[in-house]
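J.: Take this structure, written in structure tokens, and hold onto it; I'll ask about it next.
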């Protein structure tokens, strides 16, 4: 067999193997990776187009909304995409009232389910970190009232109720084994909240952002790059990335209150692809590194040092760059995609295209034909 023929066969075989490895990776991501679908922009594509794009062109089959936009909910009807919707913070006090909660469910849930696969309602976002006393004391009662309405409507087995938290709920997080909830909130708010989540079989949801906690010295640690690691004297383990340390600090705080059996869901995490000149590590390369490594890590089944052998349902922030978001430049560039739905960078979220599949199929046919001809020739 000539060297040229061997080379041709090898290249085609590599192409075939690479394609099927890519398919394996895609299947591994499905079901656990979601995205935050924010709408603070004036140039977003229509929701129906977004839903079709996510379903047909990406491995994302979970989305989190920051409201309960009816147009978006209709767009995801009959797609099977798992949709998480939100009650805005300012409606939390009203949600403690049964009549308001009933009307909210009638307006935003019942017209859309089961056609739209609504799986979770989030009551507010980072409520405890607002330091708004009315919102904080109303949080758990609002969740309980909403759950009562869902039970009455026979929707409680289909739809969970939870609320996401920033890591500001922790008074201590380093080392991770000493994680503790803020005093006062721990027993009066968080413990009743955890009890509600356990009783309703719902997850505890957090928004860990290594981006906001890292320094130039810990950038590699935040991006899952090779680094010296951080040693926890109490557990005698090394942490090789900041996300694991953040999650284990939350786990330790939950364990301290007796709730280490609850599932933890990452409601938000991400990395911006652009920022101000004074910021470090803010570029498309770093964003691709973080989100790509994040996806591989949370779906690997490795877990964390204190929560081994598990995967984490994770929602990347965000689907699109949002040009109307206030604050520093980076706040407007967390998107995986531009508003024309082209990727800002490639982290394996796009499915193998039909064209790529066709090329591989063609290469496979050529490979089979070539091998067949060689066999005939050698035995002729």
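The values are calculated or read from the model by the stated rules, or taken from the named source; none is laboratory data. From a predicted model like this one, the values you see are computed outputs, not experimental measurements. All Cβ positions, even for glycine, are placed from backbone atoms using ideal geometry, and neighbour counts span all protein chains on display.
J.: Considering only residues that are outside any strand (DSSP E or B) and within 25 Å of residue 317 (Cβ to Cβ), which ones fall in region 119-139?
T.: Within region 119-139, 124, 125, 126, 127, 128, 129, 130, 131, 132, 135, 136, 139 meet the criteria.
J.: Related question: Conditions: (1) in a loop (DSSP other than H, G, I, E, B); (2) surrounded by fewer than 13 Cβ atoms within 10 Å (Cβ to Cβ). Residue 106 meets all but one. Number of the miss?
T.: Against the list (1) in a loop (DSSP other than H, G, I, E, B); (2) surrounded by fewer than 13 Cβ atoms within 10 Å (Cβ to Cβ), residue 106 comes up short only on (1).
J.: Which of the strands (runs of 3 or more DSSP E) found entirely inside region 203-294 contain at least 3 residues meeting this: within 24 Å of residue 64 (Cα to Cα), touching a helix residue (DSSP H, G or I) at 6+ places or on another chain (Cβ under 9 Å) and touching a residue at least 24 places away in the same chain (Cβ under 8 Å)?
T.: Values: elements: 204-207, 230-232, 237-239, 264-269.
Counting at least 3 such residues, we get 204-207, 264-269.
J.: Select from region 32-62 the residues that are more than 14 Å from residue 336 (Cβ to Cβ) and outside any loop (DSSP other than H, G, I, E, B) and list them in ascending order.
T.: Within region 32-62, 47, 48, 49, 51, 52, 55, 56 qualify.
J.: Look through 322, 361, 331 and report the one residue that is modelled with pLDDT under 60 and either outside any loop (DSSP other than H, G, I, E, B) or within 23 Å of residue 206 (Cβ to Cβ) (or both).
T.: 361
J.: Within region 152-161, track down each residue that is surrounded by fewer than 16 Cβ atoms within 10 Å (Cβ to Cβ) and either under 14 Å from residue 119 (Cα atoms) or touching a helix residue (DSSP H, G or I) at 6+ places or on another chain (Cβ under 6 Å) (or both).
T.: Passing the criteria: 154, 157, 158.
J.: Among the residues of region 295-304, what is the count of those that are out of contact with any helix residue (DSSP H, G or I) (no Cβ under 6 Å at 6 or more places or on another chain) and more than 23 Å from residue 334 (Cα to Cα)?
T.: Result for region 295-304: 4.
J.: When the residues of region 309-319 are narrowed to those that are in a loop (DSSP other than H, G, I, E, B) and touching a strand residue (DSSP E or B) at 6+ places or on another chain (Cβ under 7 Å), which ends up farthest from residue 203 (Cα to Cα)?
T.: The residue in question is 319.
J.: Next up: Mind checking which residues of region 14-56 are surrounded by 14 or more Cβ atoms within 10 Å (Cβ to Cβ), out of contact with any helix residue (DSSP H, G or I) (no Cβ under 9 Å at 6 or more places or on another chain) and at pLDDT 95 or above?
T.: Of everything in region 14-56, those that are surrounded by 14 or more Cβ atoms within 10 Å (Cβ to Cβ), out of contact with any helix residue (DSSP H, G or I) (no Cβ under 9 Å at 6 or more places or on another chain) and at pLDDT 95 or above turn out to be 34, 36, 38, 53, 54, 55.
J.: From the list 233, 263, which residue is surrounded by fewer than 22 Cβ atoms within 10 Å (Cβ to Cβ), at pLDDT 95 or above and under 21 Å from the mean Cα position of the chain (by Cα)?
T.: Values: 233 fails: under 21 Å from the mean Cα position of the chain (by Cα).
Sole residue among the options that is surrounded by fewer than 22 Cβ atoms within 10 Å (Cβ to Cβ), at pLDDT 95 or above and under 21 Å from the mean Cα position of the chain (by Cα): 263.
J.: Scan region 64-81 and give yes if some residue there is in contact with a strand residue (DSSP E or B) (Cβ under 8 Å, 6 or more places away or on another chain), farther than 24 Å from residue 318 by Cβ and part of a loop (DSSP other than H, G, I, E, B), otherwise no.
T.: no
J.: The conditions are (1) surrounded by 15 or more Cβ atoms within 10 Å (Cβ to Cβ); (2) modelled with pLDDT of 95 or more; (3) assigned to a loop (DSSP other than H, G, I, E, B), and residue 348 fails exactly one of them. Which is it?
T.: With (1) surrounded by 15 or more Cβ atoms within 10 Å (Cβ to Cβ); (2) modelled with pLDDT of 95 or more; (3) assigned to a loop (DSSP other than H, G, I, E, B) applied to residue 348, the lone miss is (2).
J.: Just one of the numbered conditions (1) farther than 30 Å from residue 161 by Cα; (2) in contact with a helix residue (DSSP H, G or I) (Cβ under 6 Å, 6 or more places away or on another chain); (3) modelled with pLDDT of 95 or more is not true of residue 314; which one?
T.: (1)
J.: Quick one: count up the residues across region 179-203 that are under 23 Å from residue 134 (Cβ atoms) and either surrounded by 19 or more Cβ atoms within 10 Å (Cβ to Cβ) or out of contact with any strand residue (DSSP E or B) (no Cβ under 7 Å at 6 or more places or on another chain) (or both).
T.: First, pick out the residues of region 179-203 that are under 23 Å from residue 134 (Cβ atoms): 181-197.
Narrowing further to those that are either surrounded by 19 or more Cβ atoms within 10 Å (Cβ to Cβ) or out of contact with any strand residue (DSSP E or B) (no Cβ under 7 Å at 6 or more places or on another chain) (or both): 181, 184-197.
Result for region 179-203: 15.
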